[in-house]
Amino acid sequence: MSTPFPVTITKHNGLGNDFLVLETAQVAAHSNIDWPAQARLLCNRESHIGADGLLLLGRVAEDAISMRLYNSDGSLAEMSGNGIRCIAQAATMLYGHSGVVRYMVHSDAGLREVVVTPRDTEGSVVDASVDMGPITALPEASNWAALGVDAMRPVAHLSVGNPHAVVGVDDVKVVPLQQLGEMVPQINLEIVEPGPESNAITMRVHERGAGITQACGTGACASAWAAVQWGLVPAKAEDVLVHMDGGDVRVRVNSPKQGHVTLIGPAEFMQSAQVELIL
């Protein structure tokens with residue numbers, strides 16, 4: 001028999017990519033929770049509070065936290081650049097940390113260092129800088145040929161701890177992204193065009209497990225990396241400015257060391273709520 005169990009969650013927004021954060025100490029006595037089912041329930045925008053994903057926050061040490069992300073469809077995601085900024089903001093609020101805070105985040109993609117800087121005294125909006133780790137090449141996704149991408153277009157298959165395919169296009173607004181993304185649901189699909197600034201790209205994304213979203217942090221990293229390799233932005237640019245429907249982030253390529261990328265962008269606290277898990 002299912003039993004309702006009340007917990008407190010917070011909701012955060014990373015450029016329109018929104019997440020629910022649940023601190024797992026609240027459910028420490030329960031080891032058999034069906035987290036994919038809870039994510040589908042809580043993230044449903046028609047019947048519940050709604051979000052792009054559910055983030056599970058754990059405390060590892062004074063300056064270290066753990067992160068696990070379930071997409072709105074219940075699938076597990078190794079990493080999210082927007083999600084990691086949101087969970088770091090949630091940690092500062094939950095654990096009473098103020099000022100500039102540095103966390104080591106244990107994730108399914110490995111360790112990531114995050115530096116959180118509040119914009120206001122309440123910490124309702126923060127800027128977070130994340131060492132997203134190395135960018136590595138991947139083989140093309142199965143069924144990739146079904147997309148019919150013109151052989152003359154630049155394409156990059158990359159890992160930022162999770163799988164991405166980046167395609168250079170002339171105009172991101174006219175590409176049938178939903179249709180194409182559904183052909184390769186096992187990866188994150190980004191389309192990018194150069195500009196409008198010389199050090200910038202404009203990007204749209206179809207995320208694995210979530211569909212078209214307003215922004216994707218790991219997608220911005222993969223796209224910025226590809227744009228530098230393709231010469232869409234100058235290799236000497238300190239930051240690549242990535243424009244997305246939900247707002248802008250900055251990506252530093254080969255930072256803090258060769259082969260890595262650093263993601264810099266905001267996270268915003270939206271609300272706190274008590275909800276019921278079904279155990």
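The values are calculated or read from the model by the stated rules, or taken from the named source; none is laboratory data. Everything numeric here is computed off the predicted structure, so don't read it as measured data. FYI the Cβ positions are ideal-geometry reconstructions off the backbone, even for glycines, and counts take in every protein chain you see.
Summed over the stretch 208-234, residues that are touching a residue at least 12 places away in the same chain (Cβ under 8 Å) and farther than 23 Å from C86 by Cβ total 8. Screening the candidates E268, E193 for the property of being among the charged types (D, E, K, R) and more than 27 Å from P36 (Cα to Cα) yields one hit, E193.
Within 20 Å of G83 (Cβ to Cβ), aliphatic (A, V, I, L, M), in contact with a Phe, Trp or Tyr (Cβ under 9 Å, 6 or more places away or on another chain) and at pLDDT 95 or above: which single residue out of V155, V184, V166, V205 fits that description? Walk me through how you get there before you give the answer.
Numbers: V155 fails: within 20 Å of G83 (Cβ to Cβ); V184 fails: within 20 Å of G83 (Cβ to Cβ); V205 fails: in contact with a Phe, Trp or Tyr (Cβ under 9 Å, 6 or more places away or on another chain).
Selected residue: V166, the only one of V155, V184, V166, V205 that is within 20 Å of G83 (Cβ to Cβ), aliphatic (A, V, I, L, M), in contact with a Phe, Trp or Tyr (Cβ under 9 Å, 6 or more places away or on another chain) and at pLDDT 95 or above.
Here A151 clears all of (1) closer than 22 Å to G265 by Cα; (2) over 19 Å from the mean Cα position of the chain (by Cα) except the condition numbered (1). Could you grab me the full set of residues in the stretch 71-105 that are surrounded by 16 or more Cβ atoms within 10 Å (Cβ to Cβ) and part of a strand (DSSP E or B)? Of everything in the stretch 71-105, those that are surrounded by 16 or more Cβ atoms within 10 Å (Cβ to Cβ) and part of a strand (DSSP E or B) turn out to be N71, A77, V101, Y103, V105. Got at least one residue in the stretch 161-170 being in contact (Cβ under 8 Å) with a residue 60 or more places away in the chain and in a strand (DSSP E or B)? Yes, because at least one residue in the stretch 161-170 is in contact (Cβ under 8 Å) with a residue 60 or more places away in the chain and in a strand (DSSP E or B). R59 fulfils the conditions (1) within 29 Å of G247 (Cα to Cα); (2) at pLDDT 95 or above; (3) out of contact with any Lys or Arg (no Cβ under 9 Å at 6 or more places or on another chain) except for a single criterion, (1). A Cβ distance below 8 Å, combined with a sequence gap of six or more or placement on separate chains, defines the contacts here; from the stretch 108-132, residues that are over 15 Å from C86 (Cβ atoms) and free of Cβ contacts under 8 Å to residues at least 40 places away in the same chain reach residues that are surrounded by 17 or more Cβ atoms within 10 Å (Cβ to Cβ) and among the acidic types (D, E) in the pairs E113/D131.
Out of G259, G219, I need the residue that is in contact with a strand residue (DSSP E or B) (Cβ under 9 Å, 6 or more places away or on another chain) and surrounded by fewer than 21 Cβ atoms within 10 Å (Cβ to Cβ). Which one?
Values: G219 fails: surrounded by fewer than 21 Cβ atoms within 10 Å (Cβ to Cβ).
Among G259, G219, only G259 is in contact with a strand residue (DSSP E or B) (Cβ under 9 Å, 6 or more places away or on another chain) and surrounded by fewer than 21 Cβ atoms within 10 Å (Cβ to Cβ).
Looking at this structure, is D108 assigned by TED's automatic domain parsing to the domain that holds V21 and under 16 Å from C216 (Cβ atoms)?
Details: assigned by TED's automatic domain parsing to the domain that holds V21: yes; under 16 Å from C216 (Cβ atoms): no.
No.
For the stretch 14-34, a tally of residues being surrounded by 24 or more Cβ atoms within 10 Å (Cβ to Cβ) and farther than 16 Å from L57 by Cβ returns 2.
Counting only strands (runs of 3 or more DSSP E) that sit wholly inside the stretch 1-70, those with at least 2 residues that are in contact (Cβ under 8 Å) with a residue 60 or more places away in the chain are 4-14, 17-23. Filtering the stretch 232-273 to residues that are in contact with a helix residue (DSSP H, G or I) (Cβ under 7 Å, 6 or more places away or on another chain) and part of a loop (DSSP other than H, G, I, E, B) leaves V233, A235.
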